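Have a look at the structure below before the remarks.
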Amino acid sequence: MSSFSVCTLASGSSGNAIYAQSEDGALIIDAGISGAALIRAIELMGGHIDRVDGLILTHSHSDHSQSAGVIARRHGIPLFMTEGSFCGCKQKIGRSVSPRIFRPGMVLAIGGFHIHTIRTPHDCREPVALILERNGKRCGLLTDLGHPFKELCELMPTLDAVVLESNYDHQMLVDGHYPPNLKKRILSDNGHISNTEAASLIECGLQGKLKAAILSHLSEQNNLPEIAYAKSSEVIKNSGKKDFILHIAPRHTPSPMIVI
Ligand SMILES: [Zn+2]
Ligand SMILES: [Zn+2]
């Protein structure tokens, strides 16, 4: 019996959102696309906005928070975020929505899921990554990570599945047209993680339970889906693990659902 399913609804700097559902409930994680696009994408995946139990924001950057206020207000969905995230997007959320504030490290219980919240070294106030857990199955939602910090490597083998940032190809970024200060930001310990770093995190996971991954938040300028896919599939192949499911999250449409 499956425990729950997860997919990305949109992915990349043009907007991020993730959807998770089980027999008992459904969650949205991040709302970085328009409310209408978010609702359409959920319906495309067989869900409905009225059955969503909570919307959790990982951090305040607008590619994750754009329609959070609208969705919460129009559909009466409880909105969860850290104090730091709230400070970062208060105006966008609007005064009529009062988010439920959590501290990084707290475990939330929403819609039949336990949601572990992990502080990340990304460049905004109090960003988090999440692990969804239900009936002993765990799926990491790990984007905007800054760098592969120690706790990340340790938790990878405990996951059954992961939505994992694979933001840039190092050479494409270095050779590309981004201004030097933006390149520096992406490469810094508080920016994003590369295809190579994502592949080595998957390698850590392969030593444990990990058997499915959706590579996400790919840069439009500094990456290609084929390169991200090739980097991670190489470590999967080398591990000898059979039947590993690997997807690339499309930018504007939902990814396949992974059943955990
Ligand atoms: Zn982002
Ligand atoms: Zn971000």
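The values are calculated or read from the model by the stated rules, or taken from the named source; none is laboratory data. Just so you know, these numbers come straight off a predicted model, no measurement behind them. Calculation scope for accessible area: heavy atoms of the full protein, side chains included, ligands and nucleic acids excluded. Shrake-Rupley method; radii C 1.70, N 1.55, O 1.52, S 1.80 Å.
Details
- For the range 108-161, the pair-distance distribution built from all alpha carbon pairs, in bins 10 Å wide starting at 0, is 24, 53, 22, 1 percent.
- Long-range tail of P(r) for the chain (Cα pairs > 29 Å, %): 23
- Solvent-accessible area per residue, Å², over the range 153-260 with all protein chains present [probe radius 1.4 Å]: 48
- Computed log₁₀ I(q)/I(0) - Debye formula, equal Cα scatterers, no solvent, the range 193-260, q 0.13, 0.21, 0.22 Å⁻¹: -0.34, -0.88, -0.96
- Ratio of Rg to Rh over the range 1-103 (Cα coordinates, Kirkwood Rh, two decimals): 0.95
- Antiparallel bridge percentage (DSSP; both residues within the chain; nearest 5): 55
- Semi-axis lengths, Å, the range 145-248, gyration tensor of Cα atoms, sqrt of 5 times eigenvalues: 25, 15, 9
- Cut-off under 5 Å, modelled amide H: who pairs with Phe80 long-range: Leu55, Ile56, Leu57, Arg100
- Ligands, DNA and RNA left out, the 1.4 Å accessible surface of the chain is 51% carbon and sulfur atoms.
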